[in-house]
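Asks: Please find one structure pasted underneath; my questions will follow.
Every number here is computed from the coordinates shown, using simple stated rules; none is lab data. What you see is a predicted model; the values in this text were computed from it and never measured. Reconstructed Cβ throughout: ideal geometry from the backbone, glycine too, with neighbour counts over all protein chains shown.
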Amino acid sequence: MAKGYALTIGLNSVSPSHYDGWSGELLACEADAKDMAEIAKSRGFSVKTLLTRSATRKNVIKELSKAATTLKSADIFMLSYSGHGGQVPDRNKDEDDYQDETWCLYDGELIDDEIYKLLGRFASGVRILVFSDSCHSGTVTKAAFYQGTIATRSSAVSPEPVRYRFMPPEVALRTYRKNKKFYDSLQKDPALQKAEDSVKASVLLISGCQDNQYSSDGTFNGLFTGTLLQVWNDGKSSTYRKFYKAIAKRMPPEQTPNYYWVGTPSKKFEKQKPFTI
């Protein structure tokens, strides 16, 4: 019988000691992680949740490695992340924009190539479902959109503050400079050069926005996760593609979720009811 394991991650802040004085305060990321955990539990998954201070590089890598060694072909792994996205300079020359995207964990950033390397440890035939409610691209287009950590959204009554899940460029620069030896040494690992190509499992990633957009935080959930929860509606969606389309239909044009495959695309996986073990 197939097994399901889920890791849900949510950070409402990060350690100022690593991020050069920046704490990246958010409101709803821990709630996102808890709600994604509840969905997974309702579908029979074993679940591990890491919140803010426990969402360290060491703990996230440990849990991903544990899942990779435990799950076999036909099993499923669900990974969700809610928090800031960031960037570091691309030192292994695999990015067209010369920047690697990151997840901002509590005590340091987890580089996208590291994530792919960890996903590459999963056996062929394992289904992996990844949700990222963050902004994690360092493109020039995104820089043109940047207006600060907090902006406003129009309201009939008064401007509504919007907090974006994006590490500001000046913070990204300071953080990298402060920890340059650490991040440069990580990227010297030859296994990171073709990390995405090493993935054998079927990885379906649904992210909160496109590369030139921002993911919004909220009071109760992030905009993407909150919409996902509405669409989920206790399991009314029939396939992953329809699930994604229903979420995207409810999202504003300035934040459009993305849907893409890494590793081995699987039509069988895609046609299953979301979160099916």
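Asks: Just tell me, in residue order, which DSSP H segments of the chain are both 27 angstrom or longer along the helix axis (alpha-carbon based) and at least -0.5 in mean Kyte-Doolittle hydropathy.
Replies: none
Asks: Looking only at the chain, where both bridge partners belong to it, what percent of the DSSP beta bridges are antiparallel (to the nearest 5)?
Replies: 45 percent
Asks: Could you tell me which of THR49, GLY222, ALA123 has its Cα farthest along the dipole of region 4-270 towards the positive end, charges placed at Cβ (Lys, Arg +1; Asp, Glu -1), taken about the Cα centre?
Replies: Positive-most Cα among the choices belongs to ALA123.
Asks: Taking the Cα centre of the chain as the origin and placing charges on Cβ (Lys, Arg +1; Asp, Glu -1), which of SER132, ALA2, GLY21 is farthest toward the positive end of the dipole?
Replies: It is ALA2.
Asks: Can you compute log10 of I(q)/I(0) for the chain with the Debye formula, treating each Cα as one identical point scatterer, at q = 0.13, 0.14 Å⁻¹?
Replies: -0.83, -0.97
Asks: Next question. Find which of SER73, SER237, GLY263 sits farthest along the positive direction of the dipole of the chain, computed with +1 on the beta-carbon of Lys and Arg, -1 on that of Asp and Glu, about the Cα centre.
Replies: SER73
Asks: Order these peptides, 177-189, 29-41, 55-67, by their mean beta-carbon neighbour count within 10 angstrom, highest first.
Replies: Final packing ranking: 29-41, 55-67, 177-189.
Asks: Using the 10 angstrom Cβ neighbour count as an exposure proxy, how do THR256, THR225 rank, fewest first?
Replies: THR256, THR225
Asks: Nothing charged except the Cβ atoms of Lys and Arg (+1) and of Asp and Glu (-1): what's the magnitude of the dipole of the chain about its Cα centre? Round to the nearest 20 debye.
Replies: 1080 debye
Asks: Let me ask another. Check the straight Cα-Cα distances from LYS178 and name the aspartates and glutamates below 19 Å, setting aside those fewer than 8 residues away within the same chain.
Replies: ASP20, ASP90, ASP100, GLU101, ASP107, GLU109, GLU170
Asks: How high is the relative contact order of the chain, given as a whole-number percent (alpha carbon pairs under 8 Å, six or more residues apart)?
Replies: Relative contact order for the chain comes out at 21 percent.
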